[in-house]
Each structure stands twice: as C-alpha cells, then as structure tokens.
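Beneath this line is the structure, given in structure tokens, with notes to follow.
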Amino acid sequence: MTASATQIAADVRARRVSAAQVCRDALARIDAANPRLNAFLQVFHDRALEQARAIDARMARGEDPGPLAGVPVALKDNICLEWGRTTAGSRMLENYESPFSATAARRLIDAGAVIVGKTNLDEFGMGSSGENSAFGPTRNPHDESRVPGGSSSGSAAAVAAGLVPVALGSDTGGSIRQPAGWCGIVGVKPTYGRVSRYGLIAYASSLDQIGVLAGMVDDAALALSVIAGPDPLDATSARRELEEFTHDPSTPPPSLVIGVPRQARAASHHAAVTAALDSAINAYKVVGARIVDVDLPHTDHALAAYYLVAAAEASSNLARYDGIRYGRRSSPAREGEAGEVPESSRAEGGLLDLYCRSRSEGLGPEVQRRIMLGTYALSAGYYDAYYLTALRARRLVKTDFDAAWAAGCHALLLPTSPGPAFRLGERADPIAMYLEDVYTVGVNLAGLPAVALPGGRAGEAGSRLPVGLQLVGPAWQESSLLRAARLLEAANPVPRTATSAPASS
C-alpha cells in the first residue's frame with residue numbers, strides 16, 4: 001500500500017522527499033498494475049511529472065504549494081480536465097477533449113495535488129459493477145476475477161491497489177460507497193450541494209455529487225476539505241460556510257448516538273455482512289456510543305423511486321448526445337445497410353437515421369436501457385403514474401431519515417451492499433444488479449452525506465473479499481460524520497491491503 005496522502009503531503013512540504021519522486025513512484029505502480037486491473041483509461045506521464053516538478057520549484061522558492069503538496073490523485077473520467085480526454089466511459093465521448101477543468105479538479109491542483117490520470121467507470125456513471133465501460137471492465141484488486149463495484153470502479157480499484165492514495169469519484173446512487181465497500185477502502189459521498197458539480201458530466205442532476213475515495217478517513221477528510229465549498233459556476237452549490245473536516249481524530253463526537261435501522265439486517269445477507277455489522281456495533285459500544293434501533297420503512301420504495309427519477313433525468317441529460325451537436329457521429333449508411341433503424345426514420349431524408357445510428361453506436365446497452373425507461377416514465381399518459389409517484393416516494397424516504405435525526409441519532413449504520421463482490425459476468429440480469437443498490441440509493445434521494453468504511457472480510461473461493469459498512473448523517477454534518485467514522489476506523493481495524501490475486505478459475 002502506498003503512503004497516505006497526509007504523510008506524502010507532510011514529507012513533501014518538509015522536503016524529506018520530492019514531489020517528482022513521489023510522482024515517478026506512482027506512475028511506476030500504475031504502469032505495472034493497470035494492464036491487469038484496467039483501472040486507468042489515461043495516464044498523464046509527462047503532464048504529471050511537469051506538475052510535480054513545478055511543486056518542487058515552488059518549494060525551492062520558499063512557497064507553500066498547498067495542503068495536498070505532491071499527492072498523486074486520480075480523477076474519475078466523467079470529471080472534466082482541460083488536458084487529455086474526458087470520455088465518461090462511453091464511445092459517444094471517446095475523443096472528447098474538455099476546454100476547461102471541473103471546479104473540484106481545479107481546487108485539487110491549486111492545493112498542490114498531482115493529477116496522474118483518469119479512471120475507468122461504468123458508462124456515464126450507470127452501473128453498479130464496473131462492467132459497463134465501453135473500454136472494458138475494471139477488476140477488483142483483491143480478486144481479479146471479481147468486480148470492484150461501480151460506477152467509480154477505476155477510482156476505487158486504484159486506491160485499493162495502492163496506485164494512488166486518493167481519487168475522486170461521483171455518487172448518484174451509491175457509486176462511491178458501493179465500490180469503496182467492495183474494495184475495502186473509504187468513500188465519502190458529501191451532502192448534495194457541498195461540492196461543486198461544475199465540470200461533472202451529468203447523469204441525474206438532482207442526485208449526482210462528486211466525492212472522495214481514499215485508503216483512510218483522514219485522507220478522505222483532507223481531500224474533501226480541499227474540494228468542498230461554494231462555487232458561483234454551479235447554481236446547486238450551497239452558499240454555506242465551510243466546516244473543519246480535519247479535526248483531531250483523538251477527539252470523539254460527544255454523546256454519540258448511532259442508529260441501526262431494522263432494514264440493515266436481512267436473511268438474504270451474506271454472513272460476513274451481518275458479522276461486520278455486529279462487530280461495528282460492539283466497537284461503538286466499547287467506546288461509549290449509544291446504539292438505538294430505528295426504522296426506515298421506505299427502504300424498498302427508495303430503490304424503485306431512484307431508478308425512475310435517475311432514469312428520467314438521464315433521458316433529459318443525455319438527449320444532447322445526438323451526433324449533431326454533441327458526441328460521436330455515425331458514418332453515413334451504405335446502400336442496403338439500414339440495420340435496426342425503422343423504415344419510417346430512413347424515409348425522412350436521413351436525419352433520424354443519423355440520430356438512431358449515432359446513439360445506437362455511441363451508447364451502450366445499460367445507458368440505452370435507462371434512457372428508454374426514463375423517456376417512458378416522462379411520456380404523456382405515464383408522467384403522473386411513474387415520475388410524480390417516484391417524487392412522492394422520494395419525499396417519504398427523506399421523511400424516514402428526518403425521523404431518525406429527530407430521535408437524536410447522530411448517524412445511521414448500514415451495510416453498503418448485501419454481500420461481497422461477485423464474479424465478472426455473474427449478474428447478467430439487470431434487476432439483480434439494481435438490487436445491489438438497496439442500501440445506497442436512499443441517501444442520494446434525501447441528499448445526505450455518508451461515509452463508507454471497511455467492515456470486514458468474507459472468505460469465498462480462497463479469497464478474502466472486503467465487505468463494507470456506511471455511516472449516514474444529517475445534511476451538512478460531514479464534520480461530525482467523519483469524526484464518527486474515524487472512531488470506528490480506530491476501534492474496529494480491518495486489513496486493507498489488496499492481494500492483487502489473479503483471476504481464479
């Protein structure tokens with residue numbers, strides 16, 4: 001495992017090591033591991049070393065390069081950067097070069113971080129396994145025959161394999177927390193509006209939020225403190241004074257009350273998930289926290305509501321990728337090569353033919369599925385029955401969480417997934433895949449912050465696969481939530497190092 005971001009920044013600022021050497025070491029690790037893991041879609045060898053040398057030059061002049069001085073950081077490839085490509089894991093954008101950098105990326109650079117590359121993801125963030133990328137699946141560093149989770153698959157795998165100490169991801173329905181759980185690392189999904197979405201390629205605009213994946217809570221808190229805060233370029237960015245996220249970890253939150261929802265336990269859970277939950281509860285009791293039972297009665301409704309709301313917003317957001325204004329344009333159809341385009345479309349001068357070809361070639365099956373689902377839910381005659389009903393269910397989900405905060409809970413403790421990572425190709429049924437999100441989507445519907453943590457290990461087929469837990473907190477309470485996460489991290493230590501096991505037969 002690589003050194004922590006906190007340690008790297010301290011060493012670079014004290015000039016015990018150069019940023020250039022840290023960068024070279026990270027690039028060497030990436031070059032060695034990425035052919036197996038497919039975590040990175042692009043690696044910026046020359047540009048990253050240029051950034052690192054600039055940091056060393058600033059240090060030599062006596063300047064402070066920032067709190068992330070020399071720390072190698074990876075960006076999920078739906079976060080725009082003004083060099084390289086920003087593909088969103090899709091053929092539709094495989095050659096797109098952004099003319100600007102996302103606010104979160106710019107803040108990392110201004111804080112002294114070195115952007116070493118862009119990571120793989122489920123296309124446009126639509127997936128829970130890392131298998132839906134147009135550029136091939138990412139593999140789990142703990143067992144390369146397994147998925148790492150998604151959609152921030154590459155970022156999670158890169159951190160878990162020790163290639164970088166910190167990576168940015170995005171979380172629309174669990175896309176940071178679920179892969180963090182399956183890769184045995186920390187993932188922070190901030191309150192909606194805490195981090196600017198400017199420069200994040202949209203999937204579902206009322207749900208998307210940029211967040212952090214890291215090997216430990218302190219690193220995640222440090223990175224979050226850099227990227228969080230108001231942004232005039234994002235109308236949904238909250239105009240709130242930034243809190244301190246990097247408190248002394250030895251100071252626990254006072255009179256900590258942890259709620260455990262009844263829905264956090266199910267007969268269908270893998271035994272390791274239940275054991276991890278019990279272990280965390282006991283660890284909190286040992287350090288003096290009070291454990292209370294709570295109810296989130298609309299947990300199952302949250303899953304259905306999410307897949308309607310997110311799909312409807314995806315239908316709207318991805319309509320721009322038509323091959324005319326944005327995105328990949330199909331080559332003209334050859335004589336007699338109409339493919340699946342309806343005869344009525346081909347008869348209208350070729351424009352609809354071009355639309356259909358461009359979107360069919362540029363967008364993968366899962367993205368097409370969600371666009372069609374969302375378009376149907378928004379269509380005349382079905383809008384009230386599906387989309388508006390989903391919005392009402394969304395309000396009920398938020399009300400469930402509000403009741404827990406009103407009862408005095410500082411955080412709720414839940415699994416990130418019902419079981420450990422499954423094998424590549426094992427969840428061919430989309431519904432089975434969607435059920436993996438049962439514990440994560442409600443947090444996005446309610447706009448709340450959450451922190452995923454390693455919970456334990458499951459022994460399967462010779463592997464020791466991570467299982468994850470998450471702490472969910474009230475809106476804007478990232479500071480106290482991170483302190484509660486640090487407390488559990490210290491009281492319930494779980495081995496983190498990925499074995500980089502080869503694919504098993």
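Some observations on this one:
- Table column - 3J(HN,Hα) (Hz), segment 368-385, Karplus curve with 6.51, -1.76, 1.60, x for Gly and Pro: 4, 4, 6, 4, 5, 4, x, 5, 4, 5, 8, 6, 4, x, 10, 4, 5, 5
- Along each principal axis, Cα extent of the chain, largest first, Å: 71, 56, 52
- Euclidean distance between Cα centres, segment 406-459 to segment 1-77, Å: 31 Å
- Segment 1-49 - Kirkwood radius from inverse mean 1/r over Cα pairs (Å): 11.8 Å
- Taking segment 1-151 and dividing mean pair separation by its residue count, relative contact order in percent (alpha carbons under 8 Å, at least six apart): 24 percent
- In sequence order, calculated HN-Hα J values of segment 158-171 (Karplus, 6.51, -1.76, 1.60; Hz; x Gly/Pro): 5, 6, 4, 7, x, 6, 9, x, 9, 9, 9, x, 10, 10
- For segment 65-202, alpha-carbon Rg over 2.2 N^0.38 Å: 0.96
- At full extension, residue 82 and residue 60 could sit 5.2 nm farther apart than now, given 0.36 nm per residue minus the alpha carbon distance.
- Residues whose amide H comes within less than 5 Å of that of residue 191, counting only those at least five positions distant or on another chain, are 476 (H built at 1.01 Å from N in the peptide plane).
- Each of 379, 222, 153 was scored by the projection of its Cα onto the charge dipole of the chain, and the greatest displacement toward the positive side belongs to 222; charges sit on the C-beta of Lys, Arg, Asp and Glu.
- In summary, segment 377-469 shows an alpha-carbon radius of gyration equal to 1.39 times the 2.2 N^0.38 Å reference for compact globular proteins.
- Bridge type composition, the chain - antiparallel percent by DSSP, nearest 5: 70 percent
- Length gained on full extension, residue 292 to residue 382: 28.3 nm, using 0.36 nm per residue less the C-alpha separation.
- Lys pairs under 20 Å by Cα in the chain, provided they are eight or more residues apart or on distinct chains: 4
- Annotation for segment 50-159: GluC sites (Glu not before Pro) lying in DSSP loop with at most 11 further Cβ atoms inside 10 Å of their Cβ are 63.
- Residue-by-residue Karplus 3J(HN,Hα) for segment 477-484, coefficients 6.51, -1.76, 1.60, Hz, glycine and proline x: 9, 4, 4, 5, 5, 5, 5, 5
A short reminder: the numbers here are calculations on the coordinates, not readings from a lab. Since we're looking at a predicted model, the values are computed, not measured. Glycine gets a Cβ as well: all are built from the backbone with ideal geometry, and neighbour counts include every protein chain shown.
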